[in-house]
Amino acid sequence: MGPRGGRFMFYTASFGLLLQIFSPVGANSIGVCYGLNGDNLPPPTEVINLYKNCGIQYLRIYEPNTAVLDALRGSGILVAIGPKNSDLQGPRTSPGCSSRMDIPGEEAPFIASAMTNIKDALTSIGLGHVLVTTVLSQKALAASYPPSAGIFAPEIKTIMNDVATVLSSTNTPLMINVYPYFAYANDPSEISIDYVMFNSSEVVVQDRPYSYYTLFDAMVDAFNAALENINHGDVGIAVAETGWPTAGNPPFSSIEYAQTYNRGVYNHVFQYGTPRRPEVRMDTLFFAMFNEDLKPFGVERNFGFFYPNMQPVYPFW
């Protein structure tokens, strides 16, 4: 395992791209995102104790928060931090810029150079072990079915080639958001619940020579194929977010489905890679620690493992 340091994420809205800086955590680290969009959440010191009591050693927050960072001091918990898009200010290409930079959506083409400059800045202050990467949503793919058809959207193909070149040179994984829930809820007549819930005993998608029993693997391998299609199959994958809502869109959102899906992910990523990369065990972050009442009404408020009073929504940790 690499040095235990902080992770820092820098967001850009265009194409679902993020710029992220993090310390290597070693293969197969499992964590939970800590969202702060609630007016009834417990104090950060209590939250960090909850993480520790649950044995969760890796978390992600979406903006710098002094109280949270103070609570994390000495905890031994690995941390990922990302500022809001609106806070991304400052030079995007200055080699000395490591903490703030300007990457609005229309300036997404500068991500690769910003990654390089931030890496150089970190190295200059003795943090050369810290890695720099991006995070993508499924929207970054123009096609993903079957998985071998995975290709990046035309408008970001050149950008992703530059980004992947940086990732390859620094042996850094690409991070992605993986949400089978949305695919299933949008098309339940075409996607079987067993395929989504890691319960299929038969091949659901045959994409020769690869056989898929679970949609999670198919979604991940679409990104692996997209990387291969730009001649960067050497770049690894890590999961920045995955989860399932317990309410807000019945019958697709439920406690039973959330518990089954998240347990399936947890067990799967510890034991298996994907059909395309069977030997690779991915770092994975679940979304999210709490139900957050300031998020948009509906499923967005109901991805939490815990209620704001720190009682579990369902048994898991």
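Nothing in this text is a laboratory measurement; each read-out follows from the coordinates by a stated rule. What you see is a predicted model; the values in this text were computed from it and never measured. Ideal geometry is used to build each Cβ from the backbone, glycine not excepted, and the neighbour counts take in all protein chains shown.
The stretch between residue 272 and residue 40, if pulled fully straight at 0.36 nm per residue, gains 79.7 nm over its current Cα-Cα span. The equivalent ellipsoid that matches the C-alpha gyration tensor of segment 117-179 spans semi-axes of 28, 12, 9 angstrom, in descending order. As a rough footprinting exposure proxy, the listed residues 284, 66, 260 were ranked by other beta carbons within 10 Å of their own, and the order from fewest upward is 66, 260, 284. What the Cβ-Cβ distance of residue 142 and residue 70 gives, at R0 = 41 Å and to the nearest 0.05, is a FRET efficiency of 0.40. Once the C-beta distance of residue 300 and residue 229 is scaled by a Förster radius of 30 Å, the resulting FRET efficiency is 0.40 to the nearest 0.05. Computed from phi, the 3J(HN,Hα) profile of segment 263-277 under the Karplus parametrisation 6.51, -1.76, 1.60 (θ = phi - 60°) reads 5, x, 4, 4, 5, 5, 6, 6, 9, 9, x, 9, x, 6, 9 Hz, with x in place of Gly and Pro. Take the convex hull of the alpha carbons in segment 106-148; its mean projected area over all directions comes to 4.4 nm². With one equal scatterer per alpha carbon and no solvent term, the Debye-computed log10 I(q)/I(0) for segment 225-281 at 0.20, 0.26, 0.27, 0.28 1/Å reads -0.82, -1.01, -1.05, -1.09. Test of understanding: ordering 317, 244 by Cβ neighbours within 10 Å, fewest first, what list do you get? Final ranking by Cβ density, sparse to dense: 317, 244. Here the label points at residue 170 and residue 317, each 7 Å from Cα along the C-beta direction, are separated by 2.9 nm in the simple model. At q = 0.13 Å⁻¹ the log10 of I(q)/I(0) for segment 159-308 amounts to -0.63, computed by Debye summation with a single uniform scatterer per C-alpha, solvent ignored. Modelled spin labels at residue 199 and residue 186, positioned 7 Å past Cα toward Cβ, are 2.4 nm from each other.
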